[in-house]
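The values are calculated or read from the model by the stated rules, or taken from the named source; none is laboratory data. This structure is a prediction, so every number in the text was calculated from the model and none was measured. FYI the Cβ positions are ideal-geometry reconstructions off the backbone, even for glycines, and counts take in every protein chain you see.
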Amino acid sequence: MQVTLALPWPPSVNHYYRHVGPRVLISKDGRRYREAVEAVARRAGNPTFAEPVEVALDLYPPDNRRRDADNSLKSCLDALTCAGVYEDDSLIQRLTVTKKEPLPPDGLAVVRITEYEQKETRGAGGAGPPVP
């Protein structure tokens, strides 16, 4: 099975969580993002993966500001778990993140999820441990 979802631009990890005393909570922006991802998953037929997956994420930022590609990753992957697209993000065996050209005004995150198929190859001359 393969699923492609066009998601809203994810909040950075700095805006996804809030510290309230000793507790860490999902922020209002984080909750809104989770709801938006759940709506996209519902429109896609509520795909659910229960086996190891491979995730390819193309990030189209909303503008040209400097951003770390990994700063939006956690909120996106957690929202997909919350939406039930996969049972838990520990099922992700391979993760590819590519930052693309900006897509004003709101940005976009395109996620492709496929079942993971491990391909083993051997080192030079067929000796040594498998090289993924």
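A compact table of results
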read-out: Residue satisfying condition, being over 20 Å from ARG67 (Cβ atoms), over 16 Å from the mean Cα position of the chain (by Cα), modelled with pLDDT of 95 or more and not small (Gly, Ala, Ser), within set ARG42, ARG23, ARG34; value: ARG42
read-out: Qualifying positions in the stretch 43-68 - within 15 Å of PRO8 (Cα to Cα), outside any loop (DSSP other than H, G, I, E, B) and touching a residue at least 12 places away in the same chain (Cβ under 8 Å); value: LEU57, ASP58, LEU59, TYR60
read-out: Candidate set: the stretch 9-27, residues that are hydroxyl-bearing (Ser, Thr, Tyr) and in contact with a Phe, Trp or Tyr (Cβ under 8 Å, 6 or more places away or on another chain); chosen: the one surrounded by the most Cβ atoms within 10 Å (Cβ to Cβ); value: TYR16
read-out: Residue tally, condition surrounded by fewer than 16 Cβ atoms within 10 Å (Cβ to Cβ) and closer than 24 Å to PRO102 by Cα, over the stretch 37-57; value: 2
read-out: Top-ranked residue of the stretch 86-101 - restricted to ones that are surrounded by 16 or more Cβ atoms within 10 Å (Cβ to Cβ) and in contact with a Phe, Trp or Tyr (Cβ under 7 Å, 6 or more places away or on another chain), ranked as farthest from LEU5 (Cα to Cα); value: LEU91
read-out: Any hit, the stretch 54-68, residues being under 23 Å from TYR116 (Cα atoms), out of contact with any helix residue (DSSP H, G or I) (no Cβ under 8 Å at 6 or more places or on another chain) and among the hydroxyl-bearing types (Ser, Thr, Tyr); value: no
